[in-house]
1. If you check residue 114 against the conditions, is it aromatic (Phe, Trp, Tyr) and without any contact (Cβ under 8 Å) to a residue 24 or more places away in the chain?
2. Among the residues of region 19-30, what is the count of those that are surrounded by 17 or more Cβ atoms within 10 Å (Cβ to Cβ) and either over 20 Å from residue 150 (Cβ atoms) or in contact with a His (Cβ under 7 Å, 6 or more places away or on another chain) (or both)?
3. If we scan region 60-80, do we find a residue that is assigned to a loop (DSSP other than H, G, I, E, B), at pLDDT 95 or above and within 15 Å of the chain's Cα centre (by Cα)?
4. If you check every pair at least six apart or on different chains, which have Cβ atoms under 6 Å apart with a residue in region 150-179 that is assigned to a helix (DSSP H, G or I) and surrounded by 16 or more Cβ atoms within 10 Å (Cβ to Cβ) first and a residue that is modelled with pLDDT of 85 or more and of a type in the set (S, T, N, Q) second?
5. Could you tell me which numbered condition residue 89 fails, if it satisfies all but one of (1) assigned to a helix (DSSP H, G or I); (2) touching a strand residue (DSSP E or B) at 6+ places or on another chain (Cβ under 8 Å); (3) over 23 Å from residue 190 (Cα atoms); (4) free of Cβ contacts under 8 Å to residues at least 40 places away in the same chain?
6. I'm checking my understanding of the structure. Among residues of region 129-145 that are among the aliphatic types (A, V, I, L, M) and in a helix (DSSP H, G or I), which one is nearest to residue 49 (Cα to Cα)?
7. So residue 208 ticks every box in (1) crowded, with 17+ Cβ neighbours inside 10 Å; (2) modelled with pLDDT of 80 or more; (3) not in a loop (DSSP other than H, G, I, E, B) but one. Which box is left unticked?
Amino acid sequence: MKGASLTLAVIFLWAVGLLVFVDKVKALTPAPLPAPADAIVALTGASNARLETALKLLQDGKGGRLLITGVDKTVTKADLQQAIGGSDELYACCIDLGFQAEDTIGNAAETAGWVQVQGVKTLIVVTADFHMPRSLIELKARMPNVALVPHAVRTSAANPEDWWQDGFSAPRLALEYTKYLLVRAREWVLDVGGRFSGEEPIALPQSLSGASPAEPDPSPEIP
């Protein structure tokens, strides 16, 4: 009997937390135009909405450089330009592609490596609204000294408006909320028990990071 009561209490608290989470997601959009920052990062997703938004911010001078993290290894800058637009000059000078991240943890590690190379102190974060809370935790865990400015994008992947009536949005938001709770729990444990460095920042190849040529390094570059 006690076990059943405890289970019901946990389910109730989870459900209440989900409602709070969805309200938080709903409040993230429409996102106001951010103040200019050193750079912008866009986390790839199911649609091009995040990339188009990040490109527009770059074109408007909201950041000096843009990293798109989590790009499929077969995609080139030319492919990206054809999909979302932008000038040749912008792609040549100010847009970097990161190919090594396969999930949000990887996005954070890849971004941390790029930020380190670029000397970024303020960073605009572009991702889907439902993905933003968890993304900020992962990014902050690896870049505690970088000021993160969220700029969320509403996508068709999960609509927080009338979400309980949507057979796709409801499970998507519930899953994202559960992932968010797990990440929050992980960070709490690390804070209490003593943090470790987590996944090391991924160093982007020089051709993608925009770093100026340096003296030859005997150690091999990460491809």
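1. Working: aromatic (Phe, Trp, Tyr): yes; without any contact (Cβ under 8 Å) to a residue 24 or more places away in the chain: no.
When the stated conditions are applied, residue 114 does not pass them.
2. Summing the residues that are surrounded by 17 or more Cβ atoms within 10 Å (Cβ to Cβ) and either over 20 Å from residue 150 (Cβ atoms) or in contact with a His (Cβ under 7 Å, 6 or more places away or on another chain) (or both) in region 19-30 gives 0.
3. Looking through region 60-80, at least one residue is assigned to a loop (DSSP other than H, G, I, E, B), at pLDDT 95 or above and within 15 Å of the chain's Cα centre (by Cα).
4. Close Cβ pairs satisfying both conditions: 163/169.
5. Result: residue 89 passes all but (2).
6. Going through region 129-145, the residues among the aliphatic types (A, V, I, L, M) turn out to be 132, 136-137, 139, 141, 143.
Checking the rest, the ones that are also in a helix (DSSP H, G or I) come to 132, 136-137, 139, 141.
Working: 132: 14, 136: 19, 137: 22, 139: 21, 141: 26 Å.
Among residues in region 129-145 that are among the aliphatic types (A, V, I, L, M) and in a helix (DSSP H, G or I), the one nearest to residue 49 (Cα to Cα) is 132.
7. (2)
Yes/no per residue for (1) among the small types (Gly, Ala, Ser); (2) in contact with a strand residue (DSSP E or B) (Cβ under 7 Å, 6 or more places away or on another chain):
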position: 27; (1), (2): yes, no
position: 43; (1), (2): no, yes
position: 52; (1), (2): no, no
position: 62; (1), (2): no, yes
position: 72; (1), (2): no, no
position: 83; (1), (2): yes, no
position: 93; (1), (2): no, no
position: 97; (1), (2): no, yes
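The values are calculated or read from the model by the stated rules, or taken from the named source; none is laboratory data. Source: prediction; values computed, not measured. Neighbour counts run over all protein chains shown; Cβ positions are idealised from the backbone, glycine included.
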